[in-house]
Amino acid sequence: MSRPLQLEFILSAPEVGQLPPTRAEIAFVGRSNVGKSSLLNAIAGRKKLALVSNTPGRTQLLNCFRLQRTDATVVDCPGYGYANVSKTTRASWQPMIERYLLERERLEMILLLVDGEIGPTKSDLQMLDWLRANTLPHSVIATKLDKVKSSQRDKRKRELATACMLEPADVVWVSAAKDTGIPRLRELVRLWLA
Ligand code: GDP
């Protein structure tokens, strides 16, 4: 058992300019249903932390949490490709997320979540290309490891890494359901926010 990250919700902002000042920040990005809320809850050791960001109206906002007793923050970005909203609403998020990622000072790491069971989607690969093109610091986190049969795992890890043009060791695999990889991810987050 590793120590959970003590995250407290601060606010939801519609634009980067309305986020609070920070000393160091990491951002979670990924398409909806990738397991972002479950992962945030898992690293925080809480059941409902990320509920805040999943309540209607907040799904299109930048949800900001502070690591307790520090000036460091974690931002949960809206999931892209959300199925239940109109195309125009959807289209308005991408520039908002991109502005945030480009303009936010002290953004130490962007965690791009990819569904480990199904592999990177077209929109995941577009986001990855965009992060690379803008030389933004990022790490690929593959979710739902427990959904991949153990006999298939090594193969799947190689396939997912190849699809992302990475080495297998560069991808952080996690299962929020089984706590796999969560202690390691917590340590990485502590390092990025140190
Ligand atoms: P979000 O839309 O990215 O915030 O995704 P959620 O965290 O709400 O998860 C989407 C679905 O995937 C839910 O049904 C979760 O229960 C499921 N899920 C998330 N993480 C895991 C995991 O590690 N393992 C399994 N088996 N299911 C998961």
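Residue check, G116 against (1) closer than 16 Å to T180 by Cα; (2) in contact with a Ser or Thr (Cβ under 6 Å, 6 or more places away or on another chain); (3) surrounded by fewer than 16 Cβ atoms within 10 Å (Cβ to Cβ); (4) not β-branched (V, I, T), all met but one. Which one?
Checking G116 against (1) closer than 16 Å to T180 by Cα; (2) in contact with a Ser or Thr (Cβ under 6 Å, 6 or more places away or on another chain); (3) surrounded by fewer than 16 Cβ atoms within 10 Å (Cβ to Cβ); (4) not β-branched (V, I, T), the one that fails is (3).
Could you list, in sequence order, the residues of segment 31-45 that are of a type in the set (K, R) and near the ligand (Cβ under 7 Å from one of its atoms)?
Matches in segment 31-45: K36 only.
For the structure I just gave you, tell me whether L49 is more than 12 Å from the ligand (Cβ to nearest atom), modelled with pLDDT under 95, under 25 Å from K144 (Cα atoms) and open to solvent by less than 50 Å² (accessible area, probe 1.4 Å).
When the stated conditions are applied, L49 does not pass them.
Can you name the residue in segment 119-155 that is of a type in the set (S, T, N, Q) and touching a Gly at 6+ places or on another chain (Cβ under 7 Å) and, of all such residues, is surrounded by the fewest Cβ atoms within 10 Å (Cβ to Cβ)?
S123
Only one of T88, T135, T59 is part of a loop (DSSP other than H, G, I, E, B), of a type in the set (S, T, Y) and at pLDDT below 90. Can you tell me which?
Result: T59 is the single residue among T88, T135, T59 that is part of a loop (DSSP other than H, G, I, E, B), of a type in the set (S, T, Y) and at pLDDT below 90.
Conditions tested, residue by residue: (1) aliphatic (A, V, I, L, M); (2) touching a helix residue (DSSP H, G or I) at 6+ places or on another chain (Cβ under 7 Å).
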site: T143; (1), (2): no, yes
site: S150; (1), (2): no, no
site: A169; (1), (2): yes, no
site: S175; (1), (2): no, yes
site: R186; (1), (2): no, yes
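Any residue in segment 1-16 that is modelled with pLDDT under 95 sitting within a Cβ distance under 7 Å of a residue that is among the charged types (D, E, K, R) and part of a loop (DSSP other than H, G, I, E, B)? List the pairs, counting only those 6 or more apart or interchain.
S12/R58
Could you go through segment 150-158 and let me know if any residue there is over 15 Å from the mean Cα position of the chain (by Cα), more than 16 Å from the ligand (Cβ to nearest atom) and at positive phi.
no
Taking the residues in segment 1-30 that are out of contact with any Leu (no Cβ under 7 Å at 6 or more places or on another chain) and under 20 Å from K178 (Cα atoms) as candidates, determine which candidate is farthest from the ligand (Cβ to nearest atom).
If we take residues in segment 1-30 being out of contact with any Leu (no Cβ under 7 Å at 6 or more places or on another chain) and under 20 Å from K178 (Cα atoms), then R3 is farthest from the ligand (Cβ to nearest atom).
The values are calculated or read from the model by the stated rules, or taken from the named source; none is laboratory data. Quick caveat, the model's predicted, so the values are computed rather than measured. Ideal geometry is used to build each Cβ from the backbone, glycine not excepted, and the neighbour counts take in all protein chains shown. All accessible areas refer to the heavy atoms of the entire protein, side chains included, with ligands and DNA or RNA removed. Shrake-Rupley method; radii C 1.70, N 1.55, O 1.52, S 1.80 Å.
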